[in-house]
Amino acid sequence: MSGLKSLFKQTFIYGLATVLPRMLSFLLVRLHTDESVLKSVADYGDVSLIFSYFVIFNVILAYGMETAFFRFFNKEDDKAKVIGTSTISLIITSFGFFVLALLFQNQISSFVDIKVEYIQLVVWILLFDALVIIPFAWLRANAKPMKYAIIKILNVVINLGLNLFLLLWLKDLASEYAVLQQLYKPNYQVNYIFIANLVASAVTLVLMLPFYFKVKFTFNNVLWKQMMQYAFPVLIAGVAFSINESFDRILLDKLLPEAIAKTEIGMYSACYKLALFMMLFATAYRLGVEPFFFSHAKTENPQKNYAIILEYFVIFGSVILLAVVVFADVLKVIFIGNQEYWEAMWIVPVILIANFCLGIYHNLSVWYKVTDRTKFGAYISIFGAVLTLGLNFWLIPILSYRGSAIATLAAYASMMLLSYYFGRKYYPIPYNIKKIAMYLGLSIALSLVSFYQFRGQYIVGISMLIVFLAIVYFAEQKVIKQLLKR
């Protein structure tokens, strides 16, 4: 129980580091979807499309080295060798990408149909973000969640503050103060969004620079090859994940008629953000649980703790799913004020359930990480990506963004089931499948009925939520009382 207590403590702090910044970023959704900032839904679609490419290239530039770092940091006695090797590797590849991207910026711009001025900003952001991957991983591996949280939160506070300044206040201030006139440019809103992101990333790198002064820059070629062998399947899995997460916007842009594509992307992306509550919970849990998986892999009977962890995840996730669905129409008013975006609200329960399945998959993935069978993670993710692409190509011309939402759910649910199937064979963990299936199935059923049959009838929806909470309490009251006492 002490190990689980430590896990919950770290998960809570990592949760703050993830939830608070993302909650602040919700304000950016409200800001960017305001018609006084970006003039149309299509403009927001443009921004969302660029951020989709961000997701893909962030994964490529990390190339699984973060996960490999955790594995070998806990596995090797000479930890300085692991830190130095992984740091040098990422420095070389990051600057290599940076130089090539700037050299071929015009060709990249033509290929992805994004302005060169945006490409230049994006390349700098990607460089800064890549250079803090190992420093942040080092903080997590050394159980320093508070410092991790403070820097992550500061990053988003700066980003949010600059967005507000550049998009809302700069125009008026420039008319009053001559010193600000050079900063203001009309019709420059999209640039300002990425400039704010760039400054926030730069400040984060500056705050993490002390890490680089502590590192012993020794590169071990044998260790690097071992780490790359471990990391490569993680990279493939990450690229596949990025396809599942963001490639739907790119396909919407390519497969829908040009006249409506950006508008559909804008509506879809804004409503997709409401599923962020589940994504936040799953991400915070993963950040806390991944080091726990590796550090407890050599303890006596770790499978028992792994099984309990998944139960807790499903219980908490089920409550979040049902609560967000019941109050989805309240949340849309708070976070997406412009009614032009609300047409895509249909996708919210589907994307929430999809991210719930993804969170369960991350918990189930412990078996191939602690047994060094990361190639299975790649196989499963590739299957999910192929399914995502196939369903998007099939469904987008018929259902538009609804097809993308269905494809996302199908991909994550299939990955969850495949991971469980292979895990039973290679690293059996005594999951309480009946209990997990009961909570998962009941929360999904109540969510779908509440949203698609009784949407807006809050007496019905809240009653369903209360009944579910009561079931959880009476089934888990012994464990709940133990946790409260501790």
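Observations on the model:
- Selected residue (only one of SER201, SER175 is modelled with pLDDT under 85, of a type in the set (S, T, N, Q) and not in a loop (DSSP other than H, G, I, E, B)): SER175
Residues are listed down the side, and each one gets a yes or a no for (1) surrounded by 13 or more Cβ atoms within 10 Å (Cβ to Cβ); (2) farther than 23 Å from ASN363 by Cβ:
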position: PRO428; (1), (2): no, no
position: ASN432; (1), (2): yes, no
position: GLY456; (1), (2): no, yes
position: ILE466; (1), (2): no, yes
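- Residue within the stretch 120-140 that is open to solvent by 50 Å² or more (accessible area, probe 1.4 Å), free of Cβ contacts under 8 Å to residues at least 60 places away in the same chain and outside any helix (DSSP H, G or I) present: no
- From the list ILE347, ILE320, the lone residue that is in a helix (DSSP H, G or I), open to solvent by 20 Å² or more (accessible area, probe 1.4 Å), under 18 Å from LEU409 (Cα atoms) and in contact with a helix residue (DSSP H, G or I) (Cβ under 6 Å, 6 or more places away or on another chain) is ILE320.
- Restricting the first member to the stretch 95-112 and to residues that are closer than 14 Å to PHE57 by Cβ, and the second to residues that are modelled with pLDDT of 85 or more and small (Gly, Ala, Ser), the beta-carbon pairs closer than 9 Å and six or more apart or on different chains are PHE97/ALA130; PHE98/ALA130; ILE108/ALA101.
- For the stretch 147-180, taking the residues that are over 17 Å from LEU205 (Cα atoms) and touching a residue at least 40 places away in the same chain (Cβ under 8 Å), the one that is farthest from the chain's Cα centre (by Cα) is identified as LEU168.
- The set of residues in the stretch 143-160 being open to solvent by 30 Å² or more (accessible area, probe 1.4 Å) and either assigned to a helix (DSSP H, G or I) or small (Gly, Ala, Ser) (or both) consists of ALA143, MET146, LYS147, ILE150, LYS152, ILE153, LEU154, ASN155, VAL157, ILE158.
- Residue check for PHE95: assigned to a helix (DSSP H, G or I), farther than 24 Å from LYS262 by Cβ, open to solvent by 50 Å² or more (accessible area, probe 1.4 Å) and among the aromatic types (Phe, Trp, Tyr): yes
- Residue count for the stretch 363-375, restricted to those that are buried (at least 21 other Cβ atoms within 10 Å of the Cβ) and either farther than 16 Å from LEU321 by Cβ or acidic (Asp, Glu) (or both): 7
The rows are residues; the columns are (1) open to solvent by 50 Å² or more (accessible area, probe 1.4 Å); (2) under 16 Å from CYS357 (Cα atoms); (3) modelled with pLDDT of 90 or more.
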position	(1), (2), (3)
ALA413	no, yes, yes
LEU417	yes, yes, yes
SER447	no, yes, yes
ILE459	yes, no, yes
ILE462	yes, no, yes
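- Flag for ALA385 being within 20 Å of the chain's Cα centre (by Cα), part of a helix (DSSP H, G or I) and closer than 30 Å to MET267 by Cβ: yes
The values are calculated or read from the model by the stated rules, or taken from the named source; none is laboratory data. This one's a predicted model, so the numbers in the text were calculated from it and none came from an experiment. Quick reminder, even Gly has a Cβ in these numbers, built from the backbone with ideal geometry, and neighbours come from all protein chains shown. Just the protein is used for accessible areas: all its heavy atoms, side chains included, with ligands, DNA and RNA removed. Shrake-Rupley method; radii C 1.70, N 1.55, O 1.52, S 1.80 Å.
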